[in-house]
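The values are calculated or read from the model by the stated rules, or taken from the named source; none is laboratory data. All values derive from a computational prediction rather than experimental measurement. Neighbour counts are summed over all protein chains in view; Cβ atoms, including those assigned to glycine, are modelled from backbone coordinates with ideal geometry. Ligands, DNA and RNA are stripped out before the accessible areas are found, and what is left, the full protein with its side chains, is counted by its heavy atoms. Shrake-Rupley method; radii C 1.70, N 1.55, O 1.52, S 1.80 Å.
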Amino acid sequence: MEVKAFYWKGDHLLLLDQRKLPHEEVWLELRDHMQVAEAIRNMAVRGAPAIGCVAAYGFVLGLRAGESPERVYEVLKNTRPTAYNLFWALDRMMSALNSGKDLEQEAKLIEKEDYEANKRMGELGNGLIPKGAKILTHCNTGALATAGWGTALGVLRSAHYSGKDIQVWVDETRPYLQGARLTAWELLKEGIPHKLITDSTAGFLMKKGLVDLVIVGADRITARGDVANKIGTYTLSVLAREHGVPFYVAAPSSTFDLSIRNGEDIPIEERSAGELKNCLGSPIAPENSPALHLAFDVTPAENITAIITEKGVISPVSEEKIKECLS
Ligand code: MRU
């Protein structure tokens, strides 16, 4: 059965609380934009495209409650700083409002288009996957992170259902464990062969020739093709380059921020030290040790073999190719 992260119910949003997975399936009823903002901030919903879709519905709820559009926009915008889909979706809702469009229909359209983009990326990306490939992925980029199907995980789904006989290495993805808790859960539900590994196992597997390709999602992609994604992605790209392993990124066009050229200019979210020093509610470090918890890193375009979008596959990754593909 296909996994869904959220359902729009006409007057509220039903959201699968991803903090509780894989052990409990708890659904939250979000009835105003403040609750939606809180769910994004506290990671009840996460993954760039899912955040964008949910924020669009939050915008609808906020305006229906009589709040000013500017205020609702600000509240939702100030939740997480890196995922570009959030700002893209809010800007789209704001221009829909300014051109007199039906806001509920616009939010539904954002959701529908994201799902269709994922399916298309699945088809296009599948063309890059050899039969029997051993594929490493990081974080969760599946149905839980999108309107459905998934970006990088969507490509893996498409490859699996086309009979490619793939095997997925799932990075656990410290500290929030999106790989262990969410990706493994999605893959298990659909019977897609996979094995969980610690993040630090990746290099050794590549050295042993056990990784044919790496595929990840993106939170923001700049005009020259630098990619912000879950912390640890950059390290994987360097390892892949060292071992001659192709490194793919799958992301919809809504993840591209063409106003930024260099990856260094992408705002990187810093989350609390507490999230790093505790694991599933238990402390794992001395209470008084300081910690640095960066949620994302930036992979330079040079380390990326191709970017798979719903509009085409960009390879080699360059400013010209990106412009050409997205226009
Ligand atoms: O902190 P998260 O869980 O929101 O981070 C998610 C990721 O880094 C994903 O790889 C990215 O959003 C792409 S999801 C299709």
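Details
- Carbon plus sulfur fraction of accessible area for the chain, probe 1.4 Å, in percent: 52 percent
- Rounded, prolate or oblate (a/c below 1.5 giving rounded, otherwise prolate when a/b exceeds b/c) for the stretch 6-115 by Cα gyration tensor: prolate
- A crude spin-label estimate for the pair Glu24 and Ser99, with each label 7 Å from Cα along the Cβ direction, gives 4.4 nm.
- Violating pairs (Cα-Cα greater than 30 angstrom) within the set Lys134/Lys321; Lys9/Lys101; Lys20/Lys108; Lys108/Lys277; Lys108/Lys230; Lys9/Lys277: Lys108/Lys277; Lys9/Lys277
- Share, in percent, of DSSP beta bridges within the chain that are antiparallel, nearest 5: 50 percent
- Counting only protein heavy atoms and a 1.4 Å probe, the stretch 6-115 has 42 square angstrom of accessible area per residue.
- Net dipole in debye of the stretch 126-326 [+1 Lys, Arg Cβ; -1 Asp, Glu Cβ; about Cα centre; nearest 20]: 620 debye
- Label-point gap, in nm, between Leu292 and Leu109 - each point 7 angstrom along Cα→Cβ: 4.4 nm
- Within the chain, longest stretch clear of exposed GluC sites (Glu not before Pro) (DSSP loop, no more than 11 other Cβ within 10 Å): 26-286
- Label point distance in nm, Asp265-Glu116, each placed 7 Å from Cα along Cα→Cβ: 3.2 nm
- Averaging 1/r over every pair of different alpha carbons in the stretch 126-326 and inverting the result gives a Kirkwood radius of 17.1 Å.
- For the stretch 170-217 versus the stretch 70-123, the inter-centroid distance based on Cα atoms is 29 Å.
- Spatial separation of Cα centroids for the stretch 5-65 and the stretch 270-296, in angstrom: 25 Å
- Calculated FRET value between Asp165 and Lys77, using beta carbons and R₀ = 35 Å, to 0.05: 0.20
- Additional length obtainable on full extension of the chain from Glu275 to Asp91, 0.36 nm per residue less Cα span: 63.2 nm
- In this structure, the amide hydrogen of His194, modeled 1.01 Å from its nitrogen in the peptide plane, lies closer than 5 angstrom to those of Val168, counting only residues at least 5 positions away or on a different chain.
- Taking each DSSP H run with n ≥ 4 as -39500 (n - 2.57) and averaging over every residue of the chain yields -11000 deg cm²/dmol at 222 nm.
- FRET efficiency, 1/(1 + (r/R0)^6) with R0 22 Å, evaluated for Lys4 and Cys325 via beta carbons: 0.15
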